[in-house]
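Everything below concerns the one structure shown next.
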Amino acid sequence: MNLKEDLLSFHRDGFLQIRSVFTPAEVAAMRKRAETFADDARAKGQVFEPRCGETVPAADLTASFGADVLFDPRIQEIAHALLGKKPEEEIVYFGDSGIMVGGSGRGFHKDNTCRDDASHPDWQTPYTLVRMGIYLEDHAHHSGGVKVRRGSHLVADVTTGEIVDVPTEPGDVVAWSLRTTHSGHALRVKGLPFLHLQPRFEVRLPKSLAVAEPCRRVALFMTFGVDDHHLKNYLGKHTDLASYPDNYLYKSWLYNSPDRELANTAKARGCRIIHPVSDYGTLHDSKERPPGGFIRTGSGKADNYPPKGAEALIRGVGKLVRAVIPSA
C-alpha cells in the first residue's frame with residue numbers, strides 16, 4: 001500500500017477507501033469466523049439489545065479474532081498513516097471494536113465525544129481518533145454499505161457535505177474520522193447508481209425500488225487513536241456512568257479479552273493497548289445469560305443540530321403538510 005497520496009484525500013474528505021487490503025480467501029475466513037462468533041454470542045445472550053434486527057456481540061475483536069485483525073500489519077499501517085504517525089511511533093487501541101451481522105438501522109450521526117458544539121475542544125484541533133470498517137460483501141453494486149458526507153468532519157452538524165455511498169468491495173477497508181457524518185446500511189436505487197439518498201428517504205423507499213444486499217451483511221469495526229486530549233475526552237464520556245450509565249462501550253469493555261499477551265503483539269506493531277476501566281474483561285468468560293437474552297444499552301445526551309438550509313426547508317414543508325393533513 002502507498003498511502004501518502006491518500007492522506008490529502010482523507011484530511012480533506014474525512015474518509016478514505018483503501019482497496020483490496022485483504023484477499024478473497026482472507027475475507028471468506030473472516031466472514032465464517034465472525035458469523036460463528038456472532039451466532040454463538042446470540043445463543044448465550046451476550047449481544048447488545050437489537051434495535052433493527054442486527055446481531056452485535058458485546059465483546060471486541062480481540063475476543064473473536066485475537067490479534068489477527070486489529071494488529072494485522074496492514075491495518076496498523078493504515079492506522080499509523082491516518083493518525084500521522086511513523087511505523088515506529090505509538091498509537092493506541094482502547095477496546096473499541098466489534099462485529100455487526102445483519103440489521104437495517106440507518107440515520108446520519110457522528111461518533112466523536114461532542115458532535116453538536118463547535119466550541120468544544122473536539123473541534124479546536126485536528127481530530128485524532130479514526131474508525132475503520134471492513135465490509136465482507138460487495139456494496140459497490142448492492143445495498144448495505146456505509147454512507148458518508150464529504151468534508152463533514154470539519155463542521156459540527158449532520159446536514160453539511162455531499163452524500164457519498166462508499167462503493168466497497170470484499171477486501172476493502174474504509175476509514176473515517178469519528179467527526180465524520182455517516183450512516184450504515186445505505187440503500188442503492190435500481191437503475192440509478194448515481195443517486196445517493198438521505199437516510200430519512202431510504203427508510204421510505206419501497207423495497208421493490210432498492211437493490212438488495214448480496215447476502216447477510218457482516219462488518220467489522222475498529223477504532224484507533226493517539227494518547228492525547230481527544231482520547232481523554234472520548235474515554236471520559238464512556239467512563240462517566242453517572243451521565244451515561246448504559247453506554248455500549250463500557251459494557252463491551254467488560255466482555256473484552258483481558259489477555260495480556262495481546263499487548264506484546266500490539267506493541268511489536270507500534271500499538272499500545274489501554275484498559276480504560278478496572279473491571280475490563282471481568283465478564284469475558286462469563287456463562288451467565290443476561291435478563292431478556294441481551295445486554296441493554298442506552299443513549300447519552302441527545303445531539304442538538306439546529307436545522308439550516310435545505311434541512312430547514314424540508315422540516316418546514318413537513319410541518320406545514322402535517323398541519324394541513326394531520327395523518328400525514
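With the requirement that a residue be under 18 Å from E77 (Cβ atoms) and either among the small types (G, A, S) or assigned to a helix (DSSP H, G or I) (or both), what does the range 1-29 give you?
K4, E5, D6, L7, L8, S9, F10, H11, S20, E26
Among the residues of the range 87-128, which ones are part of a loop (DSSP other than H, G, I, E, B) and among the charged types (D, E, K, R)?
E88, E89, E90, D96, R106, K110, D111, R115, D116, D117
What number of residues in the range 29-74 are touching a Leu at 6+ places or on another chain (Cβ under 6 Å) and either without any contact (Cβ under 8 Å) to a residue 24 or more places away in the chain or small (G, A, S) (or both)?
Number of matching residues: 1.
Which of the residues that make up the range 170-186 are part of a loop (DSSP other than H, G, I, E, B) and of a type outside the set (D, E)?
P170, G171, L178, R179, T180, T181, G184, H185, A186 - these are the residues of the range 170-186 that are part of a loop (DSSP other than H, G, I, E, B) and of a type outside the set (D, E).
Name the pairs whose Cβ atoms lie under 7 Å apart, with the first residue in the range 206-230 and more than 17 Å from D68 (Cβ to Cβ), the second part of a helix (DSSP H, G or I) and modelled with pLDDT of 95 or more, and 6 or more positions between them or separate chains?
Matching pairs, first to second residue: G225/L231; H229/P121; H230/D122.
Quick check on my filter: what residues within the range 145-176 are in contact with a His (Cβ under 6 Å, 6 or more places away or on another chain) and of a type in the set (G, A, S)?
Hit for the range 145-176 is G145, nothing else.
Suppose we filter G292, G236 for residues that are part of a helix (DSSP H, G or I) and at pLDDT below 95; which single one remains?
Answer to the selection: G292.
Could you list all residues from the range 201-228 that are part of a helix (DSSP H, G or I) and surrounded by fewer than 14 Cβ atoms within 10 Å (Cβ to Cβ)?
F201, K207, S208, L209
It is to be established whether one or more residues within the range 38-50 are within 20 Å of the chain's Cα centre (by Cα), more than 30 Å from P291 (Cβ to Cβ) and surrounded by 20 or more Cβ atoms within 10 Å (Cβ to Cβ).
The answer is no; no qualifying residue exists.
Does E77 count as touching a residue at least 60 places away in the same chain (Cβ under 8 Å), in contact with a strand residue (DSSP E or B) (Cβ under 7 Å, 6 or more places away or on another chain), surrounded by fewer than 18 Cβ atoms within 10 Å (Cβ to Cβ) and assigned to a helix (DSSP H, G or I)?
When the stated conditions are applied, E77 does not pass them.
On the basis of being more than 16 Å from the chain's Cα centre (by Cα) and in a loop (DSSP other than H, G, I, E, B), does G84 make the cut?
Yes.
State which residue pairs qualify: first residue surrounded by fewer than 18 Cβ atoms within 10 Å (Cβ to Cβ) and inside the range 96-125, second residue in a strand (DSSP E or B) and among the acidic types (D, E) in any location, beta carbons under 8 Å apart, and separation of 6 or more residues or different chains.
So the pair list comes out as S104/E54; G105/E54.
Could you say which residue among Y305, Y250, Y255, Y280 is over 22 Å from E54 (Cα atoms) and modelled with pLDDT of 95 or more?
Just one listed residue meets the conditions, Y280.
Taking the residues in the range 30-45 that are of a type in the set (A, V, I, L, M) and touching a strand residue (DSSP E or B) at 6+ places or on another chain (Cβ under 9 Å) as candidates, determine which candidate is farthest from E77 (Cα to Cα).
A41
Name the pairs whose Cβ atoms lie under 6 Å apart, with the first residue in the range 282-294 and within 15 Å of A38 (Cα to Cα), the second hydrophobic (A, V, I, L, M, F, W, C), and 6 or more positions between them or separate chains?
F294/V47
Output the residues belonging to the range 155-191 that are surrounded by fewer than 19 Cβ atoms within 10 Å (Cβ to Cβ) and of a type in the set (S, T, N, Q).
T160
The values are calculated or read from the model by the stated rules, or taken from the named source; none is laboratory data. This is a predicted model, so every value here is computed, not measured. Methodologically, a virtual Cβ is constructed for each residue, glycine included, from the backbone with ideal geometry; neighbour enumeration extends over all protein chains shown.
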